[in-house]
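A quick write-up on the structure given underneath.
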Amino acid sequence: MTKRFTGWHMTAILVGGFSVVLAVNLFMASRAVGSFGGVVVENSYVASQQFNTWLNQAEKQNALGWSARVTRAGDGRLDVATSGTPQGTFAQAELRHPLGKRDVLEWTLIDAGNGRFTSVDAVPEGRWLVRVTLEHAGRTMRLERPLG
């Protein structure tokens, strides 16, 4: 004797299936929102109006002919190797944890000679976003690099 498949059976299958999908989506969305600590502009419309200004600043920065490579030295300190920067360049670094779980670290880097700059303290373990600012005689170069 076989049981009949009725509309109630189909209703139960649809409600059960969509309930599982909804529960998984809610769980994943809450995990994503709860773990995101990234940098977001406060007003995307205003930021979009500044886009051309940012492009002009990038062109001026590229015209300087400066370049920099950011690494973690063997002793754990931040190491910035520059090329094309004039003598007397001032360097600063800002370290942000990608998920915003740690405080922002702001360091003035020490000139180690030959276009190299280094931090006094070691970079804490983990992944960081490093924003380096190089300044000399009113000219500025900014760059952001991940540091793992």
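The values are calculated or read from the model by the stated rules, or taken from the named source; none is laboratory data. Not measured: the values here are computed from a predicted model. All Cβ positions, even for glycine, are placed from backbone atoms using ideal geometry, and neighbour counts span all protein chains on display. Note: accessible area is taken over every heavy atom of the protein model, side chains too, but ligands, DNA and RNA are not part of it. Shrake-Rupley method; radii C 1.70, N 1.55, O 1.52, S 1.80 Å.
Summary of computed values
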{"quantity": "Among (1) of a type in the set (A, V, I, L, M, F, W, C); (2) open to solvent by 80 Å² or more (accessible area, probe 1.4 Å); (3) more than 30 Å from ARG139 (Cβ to Cβ), the one test that PHE51 misses", "calculated": "(3)"}
{"quantity": "ARG96 open to solvent by 80 Å² or more (accessible area, probe 1.4 Å) and either touching a strand residue (DSSP E or B) at 6+ places or on another chain (Cβ under 7 Å) or at pLDDT 95 or above (or both)", "calculated": "no"}
{"quantity": "All positions within the stretch 126-148 that are open to solvent by 40 Å² or more (accessible area, probe 1.4 Å) and among the aliphatic types (A, V, I, L, M)", "calculated": "LEU129, ALA137"}
{"quantity": "The stretch 83-93, subset open to solvent by 20 Å² or more (accessible area, probe 1.4 Å) and touching a residue at least 12 places away in the same chain (Cβ under 8 Å), residue nearest to ARG142 (Cα to Cα)", "calculated": "GLN92"}
{"quantity": "Selection count where residues are under 21 Å from the mean Cα position of the chain (by Cα) and in contact (Cβ under 8 Å) with a residue 12 or more places away in the chain, scope the stretch 47-81", "calculated": "14"}
{"quantity": "Single condition LYS60 does not satisfy, out of (1) surrounded by 14 or more Cβ atoms within 10 Å (Cβ to Cβ); (2) basic (Lys, Arg); (3) at pLDDT 90 or above", "calculated": "(1)"}
{"quantity": "Residues being under 13 Å from the mean Cα position of the chain (by Cα) and open to solvent by less than 80 Å² (accessible area, probe 1.4 Å) - total across the stretch 100-125", "calculated": "2"}
